[in-house]
Amino acid sequence: MVLICLLFSVLSTTEQYAEFATGTLFWMEIVLVVFFGTEYVVRLWSAGCRSKYVGVTGRLRFVRKPISIIDLIVVVASVVVLSVGSNGQVFATSAIRY
């Protein structure tokens, strides 16, 4: 899905496919933001199953891991781009997510 989203980002720069690619990309971005946001919350919730991430302080330790920080940045950036709108421009978050 992420690679297809990246492909549509590239296609939206050409005039021939711009309208179709932009509309499709918008809905794919929404689906991916919901999916990755839900996945991040589930990972944060389930981190408490490991002994070193038990409790609030353990989950904060989990959030400070580099991969968790990157995931959070991508999800927040995607939400911001979708809420502000792209005005027909290429969605930069597809490239970031890749």
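The values are calculated or read from the model by the stated rules, or taken from the named source; none is laboratory data. Everything quoted here is computed from the prediction, not taken from an experiment. Note that we place each Cβ from the backbone using ideal geometry, even for glycine, and neighbour counts take in every protein chain shown.
So here's what we get for this one:
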item	result
Set TRP27, TRP45: member being out of contact with any Cys (no Cβ under 6 Å at 6 or more places or on another chain), farther than 30 Å from ARG61 by Cβ, surrounded by fewer than 17 Cβ atoms within 10 Å (Cβ to Cβ) and modelled with pLDDT of 80 or more	TRP27
Elements of type helices (runs of 4 or more DSSP H) in region 1-70, at least 2 residues being small (Gly, Ala, Ser) and over 24 Å from VAL81 (Cβ atoms)	55-63
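Residues checked against (1) among the hydroxyl-bearing types (Ser, Thr, Tyr); (2) modelled with pLDDT of 80 or more:
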{"position": "SER9", "(1), (2)": "yes, no"}
{"position": "VAL33", "(1), (2)": "no, yes"}
{"position": "SER51", "(1), (2)": "yes, yes"}
{"position": "PHE62", "(1), (2)": "no, yes"}
{"position": "ILE70", "(1), (2)": "no, yes"}
{"position": "SER86", "(1), (2)": "yes, no"}
